[in-house]
1. Identify all residues within the stretch B:143-157 that are closer than 19 Å to B:N94 by Cα, surrounded by fewer than 16 Cβ atoms within 10 Å (Cβ to Cβ) and touching a residue at least 60 places away in the same chain (Cβ under 8 Å); write none if there are none.
2. Checking the structure you have, find out if any residue of the stretch A:251-265 is under 29 Å from the mean Cα position of the chain (by Cα) and either polar (S, T, N, Q) or not assigned by TED's automatic domain parsing to the domain that holds A:D318 (or both).
3. Would you pick out the residues in the stretch A:152-168 that are at pLDDT 90 or above and either within 10 Å of the chain's Cα centre (by Cα) or away from ligand 1 (no atom under 16 Å from the Cβ) (or both)?
4. Among the residues of the stretch A:101-142, which ones are charged (D, E, K, R) and either outside the structural domain of A:N83 (by TED's automatic domain parsing) or in a helix (DSSP H, G or I) (or both)?
5. Tally up the residues in the stretch B:181-209 that are under 30 Å from B:Q282 (Cα atoms) and surrounded by fewer than 19 Cβ atoms within 10 Å (Cβ to Cβ), please.
6. Taking the stretch A:13-35, which residues are within 16 Å of ligand 2 (Cβ to nearest atom) and touching a strand residue (DSSP E or B) at 6+ places or on another chain (Cβ under 6 Å)?
7. Need pairs with beta-carbon distance below 9 Å; first residue free of Cβ contacts under 8 Å to residues at least 60 places away in the same chain and away from ligand 2 (no atom under 16 Å from the Cβ) and within the stretch A:183-208, second outside any loop (DSSP other than H, G, I, E, B) and among the hydroxyl-bearing types (S, T, Y); sequence gap 6+ or separate chains.
Amino acid sequence: MSDIVLKDVSKSFGAVSVLDRVSMRIESGEFIVFLGPSGCGKSTLLRMIAGLEEVTEGEIHLGGRRVDQLPPNERGVAMVFQNYALYPHMTVRNNMSFGLQNVGTPKVEIIQRVNDAARMLEIEHLLDRKPAQLSGGQRQRVAIGRAIVRDPKAFLLDEPLSNLDAGLRVRTRLELAQLHHRIKATMIFVTHDQTEAMTLATRIVVMNNRQIEQIGTPMEVYSRPATRFVAGFVGSPAMNFVPIKSITDVGGNASISFAGQPPIHTAVPFGGLPKNNLTLGIRAEAARISQDGSGIEGVVDVVERLGERTLVYCRLPDQTTLVAEDNGVSAIQPGDAVRIALDGNVAMIFDEAGKAYHAVVQQGG
Amino acid sequence: MSAVESQSADAKAATSSARSRAIKSLDIGGLILTLITVIFAVLWAFPIYWGMVTSLKPESQVISDTVEFLPRTWSFEAYWHVMVNTMIGRWYVNSLVTSLGVTAITLVTSALTAYALSQLRFPGRTVLWFLILASFMVPLTALIVNHFILMAQLSLINTWMGVILPQLIHPVVIIVYKNFFDSVPKEYREAAKMDSASEWRIFSRIYLPMNWGVTTALSIVIFIGAWNNFLWPFLAVSRPEMMNVAVGITQVNDAFGVQYARELAGAMMAAMLVAVLYLIFQRRVTQAIMLSAGVKG
Ligand SMILES: Nc1ncnc2c1ncn2[C@@H]1O[C@H](COP(=O)(O)OP(=O)(O)OP(=O)(O)O)[C@@H](O)[C@H]1O
Ligand SMILES: [Mg+2]
């Protein structure tokens, strides 16, 4: 009953098009994350759902009702702003009550609801303070509290964690996940932080360049990115892209080779692949420093020791850089000649336009 | 608000520590500057001092051959005279009513106009804004004859309303308010909209309270300006019982010939309220003058 449907939603500011025919369906109770680089239109899309920005074209439906022409307060959504926008001259209690007062909620009920929300968020002791007397994390809770008391159909959060320091960010992220679990409301969360997206989302909407690149669960987006952009944007370190010299058909699957290197057998079906200008995509964890002398050759440029693993930046003979992984305890030094074993089973292939070709999904995978 | 207060507390702490440092390393240049400042302050304050001293002398000692910096005999006769023989009480009431009226009405209308210009989109908005800016260029005195004729036609001569109405033209107040409303981050407005607040609620519960500092500063300046205003209240009123203090004290002179002590006693009493107000709200007044000066500059 609080599902959100976007149908071919477009937005232009004057002559500048910011979003181009965006469509999606968000189920009731989902935690959706809009992920994408700066300026790709995440906030604009969120603000259109909130009613703070007009829709140039297309339709927005909320709980089965078309809302794109309604003012924000009639849509039944609540928004948490990046800078929280707590009214500075009002106490926390008044900040949380303001919306209810405006719609004439009885006093007793307002007090009840504010107290309930404050208890849930553990900000009861802050109710009589002004926003200036709160820490960043506390302000953040109040901003969420202000949204909760209105009991909205959907919560819209625009980079709500970006003003917190690293430690608090992680903790608040966790609490947000717990909160979502508890109140089971639909949430849309905007971020350009992929860790936030991966950890919070039931589904991620990856956006780039006015459009949606992919909608999928965090693992889908990570393991089976739809495009080269998604593959490169999600995951750290970024996925390796290596130009393919030639491909051959080995038992129905593509076997690829780079310039002057032994072939790699992938699980990507050969049929349907274009034959030219292909790129191999492989994550660092599937490119291991080989212990037995097999694999492709490279020379080590940089070594990054992360503790539990080591990232090895290698230069291949064709001058492509490839990030490989080694164990946490690794003797590798810059300048070493190494061999890298690529796990063809999880490799993917991109065509010239950036479309991804994957291995056939196994059951349950 | 409290952020602002704590900031200014910090600033105060900073200046006081800066002051103690300055005292330790007092140099010749600073000394000379201080001396010059003191001389100017004395020059500036002397007429006020002289007026006060004179008002406390008996009329017979006012004109004498020697310069007397203090009265030979202290006398409140002049004050007594002004209080008993003139309508100064009534004039005070008139001044209070008209000045408060001017202040209140100017603030309410200007704040509302500024809010509309700053936050609402309506046809004619730009034209209205330019009209207000243009009216800023017309000195009020240039319109004073028109004002008189208009008030006469409305039969408002010798009434409080007649004194108040032409003094309500304060484009600079609208401009200051608009600047402040413009600089409120738009998220507050958006948050309020999501909170179902009407425009009136956004204005009265968010924008106005977020700018209380401006309102108090402006109100003091408008009030003092209206209280000290002479020309229009002088023209708009001929009946002594409707006069403002500033106008009324000239009557002390008229009725009794040149009586310096009495005249100055009247002036002192007229200025008293403003002086006290100024002392109490000194910081706000300076702030307000800087606000409107910033706009004018
Ligand atoms: N009011 C506006 N007028 C004109 N252009 C705008 C306006 N608001 C946003 N834009 C443009 O629309 C594009 C998308 O902006 P948006 O704020 O949605 O990006 P975003 O994905 O949220 O970026 P970020 O991660 O930096 O917040 C940007 O190129 C921006 O310059
Ligand atoms: Mg944004």
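The values are calculated or read from the model by the stated rules, or taken from the named source; none is laboratory data. Nothing here was measured: the structure is a model prediction, and the numbers come from that model. For neighbour counting, all protein chains shown are included, and Cβ atoms are generated from backbone atoms with ideal geometry for every residue, glycine included.
1. Residues satisfying the conditions do not exist here.
2. First, pick out the residues of the stretch A:251-265 that are under 29 Å from the mean Cα position of the chain (by Cα): none.
Looking through the stretch A:251-265, none of the residues is under 29 Å from the mean Cα position of the chain (by Cα) and either polar (S, T, N, Q) or not assigned by TED's automatic domain parsing to the domain that holds A:D318 (or both).
3. Residues satisfying the conditions are A:P152, A:K153, A:A154, A:F155.
4. Initially, the stretch A:101-142 is screened for residues charged (D, E, K, R), giving A:107, A:109, A:113, A:116, A:119, A:122, A:124, A:128-130, A:139, A:141.
Passing the criteria: A:K107, A:E109, A:R113, A:D116, A:R119, A:E124, A:R139, A:R141.
5. Here is the first cut: in the stretch B:181-209, the ones under 30 Å from B:Q282 (Cα atoms) are B:181-185, B:203-209.
Filter once more, so that each one left must be surrounded by fewer than 19 Cβ atoms within 10 Å (Cβ to Cβ): B:182-185, B:204, B:209.
Count: 6.
6. A:V18, A:L19, A:V22, A:I32, A:V33, A:F34, A:L35, listed by residue number.
7. These pairs meet every condition: A:M198/A:Y222.
Listed here are the residues, each with its yes/no results for (1) more than 28 Å from A:I26 (Cβ to Cβ); (2) within 10 Å of chain B (Cβ to nearest Cβ); (3) surrounded by 18 or more Cβ atoms within 10 Å (Cβ to Cβ).
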position	(1), (2), (3)
A:L126	yes, no, yes
A:K130	yes, yes, yes
A:S135	yes, no, no
A:V142	no, no, yes
A:A147	no, yes, yes
A:D151	no, no, no
A:A154	no, no, yes
A:S162	no, no, no
A:A166	yes, no, no
